[in-house]
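Asks: Dropping a structure here in structure tokens format, bear with me for questions.
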Amino acid sequence: MPPLKKGATLPQPDWPGIETERLVLRQWRASDVTANTMMLGDPLSARFITADRKPVTELMAGWRNAAIMAGHWVLHGFGMFVVEEKASGTFVGRVGPFYPPVWPGFEVGWGIATEFRGKGYAVEAARAAIDWSFATFELDRIIHCIDRENTASQAVARRLGAYPEGETMLLSHAVELWVTRRQTWSSQN
């Protein structure tokens, strides 16, 4: 885990989250399991965000995935946020920091449910998560691990000002490493 910035603290379980114009980014709840499972059941989502690249078809597998996301918060004090549409309270997806032991760096990633794609939610949520990450941690860069074929995520990364800087193997699959640097991020915002 990267060091915290001086004076920064990590969120507590009752933390209200981050609000953007249209979204709320918050910690996980038991009520998110079904919506997360449905998102991961979509073959296009699963292809790029499940460990085995296959759709999640059983509630138990969806529960395990949500438990990993929620467990990251418990183990590290931060993790991917549930993204909720502010107007409706509906689960939109998950976006935010992810840094398990085998990861090539501190990542801010995104996964948006099919029915919410194309609305700019991934960029809006990722921007808030990157802002929060740079404000909270001593980081010079944030990575985004993106499959070579995931043109939608590559477009999100470009809109965030990230650039590809090589490839790595992640869970036995080649991915491109896109990078957002603090130095250029600060000048954008």
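Where a number appears in this text, it was derived from the coordinates with a stated rule and is not lab data. Just so it is clear, the structure is predicted and the values come from calculations on it, not from any experiment. Ideal geometry is used to build each Cβ from the backbone, glycine not excepted, and the neighbour counts take in all protein chains shown.
Asks: Which of GLN12, ILE49, GLY161 sits farthest toward the positive end of the charge dipole of the chain, with +1 on the Cβ of Lys and Arg and -1 on the Cβ of Asp and Glu?
Replies: GLY161
Asks: Still on this structure, I have one more. How are the alpha carbon pair distances in the chain distributed across 5 Å bins from zero to the largest one, expressed in percent?
Replies: That works out to 1, 8, 17, 22, 23, 18, 9, 2, 0, in percent per bin.
Asks: Something else about it: Quote the relative contact order of the chain in percent (integer), defining contacts as alpha-carbon pairs under 8 Å separated by 6+ residues.
Replies: Relative contact order for the chain comes out at 19 percent.
Asks: Using alpha-carbon pairs under 8 Å, 6+ residues apart, how would you state the relative contact order of region 93-179 in percent?
Replies: Across region 93-179, relative contact order equals 26 percent.
Asks: Then there is this: Mind jotting down the distance between the C-alpha centroids of region 56-131 and region 140-189, whole Å?
Replies: That distance is 16 Å.
Asks: Moving on. Counting other C-beta atoms within 10 Å, which of GLU176, GLU84, GLU19 has the fewest, and how do the rest follow?
Replies: GLU19, GLU176, GLU84
Asks: Most exposed first by the Cβ proxy, i.e. fewest other Cβ within 10 Å, how do THR180, THR57, THR37 rank?
Replies: The fewest-first ordering by Cβ neighbours comes to THR57, THR37, THR180.
Asks: Of the options GLY111, THR90, ALA66, report the single residue whose Cα projects farthest towards the positive end of the charge dipole of region 1-130 (beta-carbon charges: Lys, Arg +1; Asp, Glu -1).
Replies: So the residue furthest toward the plus end is GLY111.
Asks: Straight-line reach from LYS54: which aspartates and glutamates have a Cα under 13 Å away, not including same-chain ones fewer than 8 places off?
Replies: Output for LYS54: ASP42.
Asks: Now, a different point. Rounded to the nearest 20 Debye, what is the dipole magnitude of the chain about its Cα centre when Lys and Arg each give +1 and Asp and Glu each give -1 at the C-beta?
Replies: 200 debye
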